[in-house]
1. When the Karplus curve 6.51 cos²θ - 1.76 cosθ + 1.60 is applied with θ = phi - 60°, which whole-Hz ³J(HN,Hα) does each residue of the range 354-364 get, with x for Gly and Pro?
2. Can you tell me which aspartates and glutamates have their Cα less than 17 Å from the Cα of K272? Leave out same-chain residues fewer than eight positions away.
3. For a quick check, take a GNM of the chain with Cα springs below 10 Å and name the residue from A96, A176, A153 with the largest mean-square fluctuation.
4. Compute the distance in nm between two label points, each set 7 Å from the Cα along the Cα-to-Cβ direction, one at V275 and one at S397.
5. For the chain, take every pair of Cα atoms, bin their distances at 20 Å starting from 0, and report each bin as a whole percent.
6. Compute the convex hull volume of the Cα atoms of the range 335-428, divide it by the residue count, and report the result per residue in Å³ as a whole number.
7. Given the -39500 (n - 2.57) contribution per DSSP H run of 4+ residues, what per-residue ellipticity at 222 nm results for the chain, rounded to the nearest 500 deg cm²/dmol?
8. Does anyone have the angle between helix 51-78 and the longest principal axis of the chain? Alpha-carbon axes, 0 to 90°, nearest 10?
Amino acid sequence: MQSGAGKTGGRAINVHPATRRLLAARMSRGVGQGALVVDLALFLHALGRSGAAIGGVLGGGVLLGALLNITVGVLSDRLRRKPFILFYETLTIGCALAAFFARHPALLAGAVVAAGFGRGPGGGAGPFSSAEQAWLAEGIAPENRGWIYSLNAGLGFFGMALGGLAAGLPHFWVSALGKAGSFRPLFLLVAAGSLLDIILLAGAEERYNPLGKTRRVPEHRGATPDARGPAPVAPKKGGKDHILWKLVGLNAFNGLAIGLTSPLISYWFALKFHVGPAAIGPVLAGTFALTGLASLFAGRMTRIIGVVNSVVWGRGAGVGLLILLPLMPVYILAALVYLLRSAVNRGTAGARQAMVISIVDEDQRGLAVSLNAASMQVPQAAGPAVAGALIGAGYFSLPFYFAAGLQTLYIVFYARVFRPYDTGGRKR
């Protein structure tokens, strides 16, 4: 097999060097994100913050991310994508160092909100993911997008798995640094990951030029993309604007469901089962690793049963497990259910991103990805505050049941809306 080639469905897929750098950066970025998904809420809890306050800070980061996503998406279509990603990594380093040194609550909260710490976007570039995903699309043929984007998501989750293991380190530092201080070195891990990403991506090529002066450069042997990128799926039933607005409506269900469950899962485990980072970290690390494998599996399935069916089956299984989660009487069972639920549910992220990229032209990719993200993040921002208040008041099951209902609606309407656009699956 040639260098830089991947293989799925029995056929080799040649991967451009810039794509390989973006994939590596995704995994590197995921390490710090995985650590903070586990420990940020526990850190704020150790500082004496209430459940509502913790949820409010996390929700603020989601809301700011939604606003930035739209701005970045539009500007990256008109300018270029690479500078936005490099700026994001620089911003992350600054916020991580500020959080490490911060002793005033306002400064710490500002750093958390500005960088979106604790959200754990699967190794993605936070509110700058629209530029990241649009850049990644360069040179990937439509029939291969489901696989490459699933691989991208999978690598991000593998990085988060490493971060989840690192999240258990405060347990060993608590005697020397104190309960709250033991969490602070994890922000240095985040800064180191972003520094590595800057090194990786500074040398990565971007061919997109919105002024029409796209540079054509020699590709490695076997690559087939042209300078404008692969052709998108032909729009049907009302055109691209019509389908994008349908996407926005669908994501309201999905975003609120995510906000009610994912950001505060460590806090939920800690209060319901009285466990700490030493117990939660390895479980979430295993969750992220299994989710990465599920992403790779979903990528292969997009080439067999199509993108839409892969999403529907994965998300449907996730709903069933979400209903079971709050019924578990002991931590080990709850952790097992959460592990399986996260894998089958979040493992479809790459397939869903590939679908969004495929329904628009190249000069609208940033806008489409930003609309996709922002339309989830705005309702998602309300979720942590609601869930934090409910959990803090002892209502441990309600957030999960509300989320299950919303996810069910999302699955039903997703299948109806996107099935006509699905080019995946084997031709019969």
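1. 4, 5, 4, 4, 7, 9, 9, 6, 4, 7, 10
2. Leaving aside aspartates and glutamates fewer than 8 places away in the same chain, those within reach of K272 are D39.
3. Per the Cα network of the chain with a 10 Å cutoff, A176 tops the list.
4. The answer from the label model is 2.0 nm.
5. 28, 60, 12, 0
6. It is 128 Å³ per residue.
7. Computed ellipticity for the chain at 222 nm equals -24000 deg cm²/dmol.
8. 20
Values quoted throughout were computed directly from the atomic coordinates according to the rules given, and no laboratory measurement underlies them. This structure is a prediction, so every number in the text was calculated from the model and none was measured. Neighbour counts run over all protein chains shown; Cβ positions are idealised from the backbone, glycine included.
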